[in-house]
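The values are calculated or read from the model by the stated rules, or taken from the named source; none is laboratory data. The model shown is predicted, which means the values in this text are computed figures rather than measured ones. Heads up, the Cβs are rebuilt from the backbone with ideal geometry, glycines too, and the neighbour counts pull from every protein chain shown. These accessible areas exclude ligands, DNA and RNA; they are computed on the full protein's heavy atoms, side chains included. Shrake-Rupley method; radii C 1.70, N 1.55, O 1.52, S 1.80 Å.
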Amino acid sequence: MEAIVKFLFVSFLILLAVIAYRALLRRFQRGQVQHQDFCELYTLDQEPANGELAFYFVCPASTHVRFAIWQNKQLVAELANQEFEKGGHILRYDSAKLANGVYYYGIITAQQETKKRMTVSN
């Protein structure tokens, strides 16, 4: 009888440890960024950029995206401001419309703002 009580007590302690461990994991994950909820913006294929530029990004779900180009925090061009379906998207832009220099391109959604640097050399 005493062996059964010890077994039940040890089993109870193990169960409590598992529950506490799961609660601790949930608490740590609360503050982490869930990357699967954000659009992914890819780097341009050519650097320095010139000619027709192909900006590629992937949305995990249907999302409203604003895609723009900035120079020194000044808006230079807005390529899109619309709803995009789940999946990959390509936006094209002629770099001849830009003077040579350093620019930033990126996407803005309700949950994120992602920008990447590019150098234009026409």
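Tabulated values for the structure
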quantity: Percent accessible area from carbon and sulfur atoms, the chain, protein chains only, probe 1.4 Å; calculated: 55
quantity: Range in the chain, longest, excluding exposed trypsin sites (Lys or Arg not before Pro) [loop by DSSP; at most 12 other beta-carbon atoms within 10 Å]; calculated: 31-72
quantity: Proximal aspartates and glutamates relative to Lys86, as straight alpha-carbon distance under 12 Å, when same-chain residues fewer than 8 apart are discounted; calculated: Asp37, Glu40
quantity: For the stretch 36-65 and the stretch 75-122, distance of Cα centres in Å; calculated: 8
quantity: Nearest-10 value in Å² for the accessible area of Glu40, using the 1.4 Å probe; calculated: 100
quantity: Considering only the chain, percent of DSSP beta bridges that pair antiparallel, nearest 5; calculated: 95
quantity: Folded to 0 to 90 degrees: helix 2-29 orientation relative to the chain principal axis, Cα; calculated: 20
quantity: Rounded to the nearest 10 Å², the accessible area of Ile14 at probe 1.4 Å; calculated: 100
quantity: Under the Debye formula (equal points on every Cα, no solvent term), log10 I(q)/I(0) of the chain at q = 0.09, 0.11, 0.13, 0.14 Å⁻¹; calculated: -0.43, -0.52, -0.62, -0.68
quantity: Residues whose placed amide H lies under 5 Å from that of Ala80, excluding near-sequence neighbours; calculated: Phe67
quantity: Per-residue SASA entry for His64, accessible area with 1.4 Å probe, Å² rounded to 10; calculated: 90
quantity: Theoretical FRET efficiency, 1/(1+(r/R0)^6), r = Cβ-Cβ of Lys86 and Ala23, R0 41 Å, to 0.05; calculated: 0.80
quantity: Highest-fluctuation residue, Ser11, Ser62, Ser95 considered, GNM on the chain with Cα pairs under 10 Å; calculated: Ser11
quantity: Probe 1.4 Å, accessible area per residue of the stretch 13-112, Å²; calculated: 68
quantity: Per-residue HN-Hα couplings for the stretch 40-50 [Karplus 6.51, -1.76, 1.60; θ = phi - 60°; Hz; x = Gly/Pro]; calculated: 10, 9, 9, 6, 5, 6, 10, 9, x, 7, 7
quantity: Radius 13 Å from Cβ of Gly51, net charge of other residues (Lys, Arg +1; Asp, Glu -1); calculated: -2
quantity: Counted charge near Ala68, where neighbours are those whose Cβ lies closer than 13 Å (Asp, Glu -1; Lys, Arg +1); calculated: +2
